[in-house]
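**Q** Structure incoming, see below.
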Amino acid sequence: MQSHRIPLVFCWNYTGLEGLVINSLRGLQKHLKIPGIITSTQYIAMDSMIFRRASWIGALTRASHKHHSKTYGGKVIYIPPSISVEDKVKYVRRERPPEKIRILFVSRDLTIPRKNFPTLINALKRLDPKYLERMELVLVGARAEKYWGQLERLRSRGLRIYLTGYVPRDLMPRIYRGTDLLIHIPLYEELGYVVLEAMAHGLAVIASNIPTLRDMVLHSP
């Protein structure tokens, strides 16, 4: 069978099979842990087959570049994220009271442990009501009902909360244009499209201090 060369492929995983298994066990809901391990194993096997046939491997994070260079050497090249700190984004004033800052949190499912949504709730609980009254929280994701009691307590202290449920990717630009700040604090993330998308729409970002997101979010520029 003829094996065709692939000119260029992209990668962003930086943990290998062992790391993916650990993150599946730690970061997925109970009913998804075993399927997550199976899927991770399949991904690693497919990646290895494709990477061996590739002329060049484009690593989209420094962590991924370091990890894959150990196996594939000089054909791994680092391609930085496409959002530059020098980009000038025109800020459009929202049609709402200007004294409120609208905060965005995005997850396909808000109960996914690795997305770390409870940490945001706990942080908001510790804020003085005078700060909560100046904020609005937009939650994009399914199964917000699990946190209904905690969200209602935050509402009673002055925080306005909007629940959108799951939103398809093609409709997310409308959400980004209506918010000011993205909070993305996962325990583990291979790439983090939501951060790139939010920055492309001019949002400020608060993110976890993990390898992938350190490539995208510069501290206090």
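**Q** Being within 22 Å of Met199 (Cα to Cα) and in contact (Cβ under 8 Å) with a residue 40 or more places away in the chain is the filter here, so list the residues in region 145-166 that pass it.
**A** Tyr166
**Q** Looking at region 160-174, which of the residues that are touching a strand residue (DSSP E or B) at 6+ places or on another chain (Cβ under 6 Å) and among the aliphatic types (A, V, I, L, M) is nearest to Leu28 (Cα to Cα)?
**A** Here the residue is Val167.
**Q** State all residues of region 1-59 that are within 26 Å of Ile79 (Cβ to Cβ), charged (D, E, K, R) and exposed (fewer than 14 other Cβ atoms within 10 Å of the Cβ); if no residue qualifies, say none.
**A** Arg5, Glu18, Arg52, Arg53
**Q** Let me ask something else. Hey, Ile83 hits all of (1) hydrophobic (A, V, I, L, M, F, W, C); (2) over 20 Å from the mean Cα position of the chain (by Cα); (3) at pLDDT below 80 but one; which does it fall short on?
**A** The number of the failed condition is (2).
**Q** Another question about this same structure. Mind listing whichever residues of region 46-67 are over 11 Å from Trp12 (Cα atoms) and in a strand (DSSP E or B)?
**A** Ala54, Ser55, Trp56
**Q** Please state which of the following conditions Leu218 fails to meet, knowing it meets all the rest: (1) assigned to a loop (DSSP other than H, G, I, E, B); (2) surrounded by 15 or more Cβ atoms within 10 Å (Cβ to Cβ); (3) at negative phi.
**A** With (1) assigned to a loop (DSSP other than H, G, I, E, B); (2) surrounded by 15 or more Cβ atoms within 10 Å (Cβ to Cβ); (3) at negative phi applied to Leu218, the lone miss is (2).
**Q** On the given criteria, is Ala200 at pLDDT 90 or above and of a type in the set (Gly, Ala, Ser)? Give the steps one after another, and end with the answer.
**A** On the way: at pLDDT 90 or above: no; of a type in the set (Gly, Ala, Ser): yes.
When the stated conditions are applied, Ala200 does not pass them.
**Q** Take the residues of region 185-213 that are part of a helix (DSSP H, G or I) and among the small types (Gly, Ala, Ser): which is surrounded by the most Cβ atoms within 10 Å (Cβ to Cβ)?
**A** Here is the first cut: in region 185-213, the ones part of a helix (DSSP H, G or I) are 193-200, 211-213.
Add one more test, that the residue is among the small types (Gly, Ala, Ser), and what stays is 198, 200.
Values: Ala198: 26, Ala200: 14.
Filtering first and then ranking leaves Ala198.
**Q** Here are Tyr72, Tyr78: which of them is surrounded by 14 or more Cβ atoms within 10 Å (Cβ to Cβ), more than 30 Å from Leu203 (Cα to Cα), modelled with pLDDT of 90 or more and not polar (S, T, N, Q)?
**A** The match here is Tyr72.
The values are calculated or read from the model by the stated rules, or taken from the named source; none is laboratory data. These numbers were taken from a predicted model, which means no experiment stands behind them. Here Cβ is always computed from backbone atoms with ideal geometry, including for glycine, and neighbour counts include all displayed protein chains.
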